[in-house]
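Below you'll find the structure, written out as structure tokens, and then a few comments.
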Amino acid sequence: MSGIINSAGSRSGVIGTTEIDYEEGDFTPTSSGSTSSTWGRYVKVGNVVHVWCRWAFNATTASATLTGLPFTSSTIQNNIGILATHSVNWTAGSTSCAGYVGAGSTTFTPLMSGDNVGWNTGFDVISGAQAILQLTYNTA
């Protein structure tokens, strides 16, 4: 579903026409690691995109990233996402995982950190691991 929502109405005493660019759909993300299945869904309102993705890995992979986001990000650096994982081979000492979409990019790069551990780009996964991503970023 996509289009411009155009309706007359009143908001804070202002009467007029409101146009909101809205789109939703599915996309197929790709990964730098070997996957057995991936899926992606998005909702775009104006220049903000909300994305939900899932990777299921069929081989052990080092420093996996997700490419093929449905829209190129804006020139804002480091749009942030949340990554939930299942059966992931965390690096020693790592206790948390987040990530970012760089400026003008369609790639999500996971970041891992922990106590006395610097940020590592990407994450190491074992065969059978699953990663689920919820991400909000700005478009160009």
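I'm checking my understanding of the structure. Among residues of segment 61-96 that are closer than 24 Å to ALA129 by Cβ, hydroxyl-bearing (Ser, Thr, Tyr) and under 11 Å from the mean Cα position of the chain (by Cα), which one is modelled with the lowest pLDDT?
The selected residue is THR65.
Out of the residues in segment 97-120 that are over 18 Å from THR72 (Cα atoms) and exposed (fewer than 13 other Cβ atoms within 10 Å of the Cβ), which is modelled with the highest pLDDT?
TRP119
Need the failing condition index for SER32 against (1) more than 15 Å from LEU135 (Cβ to Cβ); (2) in contact with a Gly (Cβ under 7 Å, 6 or more places away or on another chain); (3) among the polar types (S, T, N, Q), just the number.
(2)
Pairs, please: C-beta under 6 Å, at least 6 apart or cross-chain, first residue more than 23 Å from THR121 (Cβ to Cβ) and touching a residue at least 12 places away in the same chain (Cβ under 8 Å) and in segment 26-42, second aliphatic (A, V, I, L, M) and surrounded by fewer than 20 Cβ atoms within 10 Å (Cβ to Cβ)?
Partner pairs satisfying both residue conditions: SER36/ALA56; SER37/ALA56.
Which ones in segment 1-60 are among the small types (Gly, Ala, Ser), surrounded by fewer than 15 Cβ atoms within 10 Å (Cβ to Cβ) and at pLDDT 90 or above?
Residues satisfying the conditions are GLY25, GLY46.
The values are calculated or read from the model by the stated rules, or taken from the named source; none is laboratory data. The model shown is predicted, which means the values in this text are computed figures rather than measured ones. Glycine also receives a Cβ, built like all others from the backbone with ideal geometry; neighbour counts cover every protein chain displayed.
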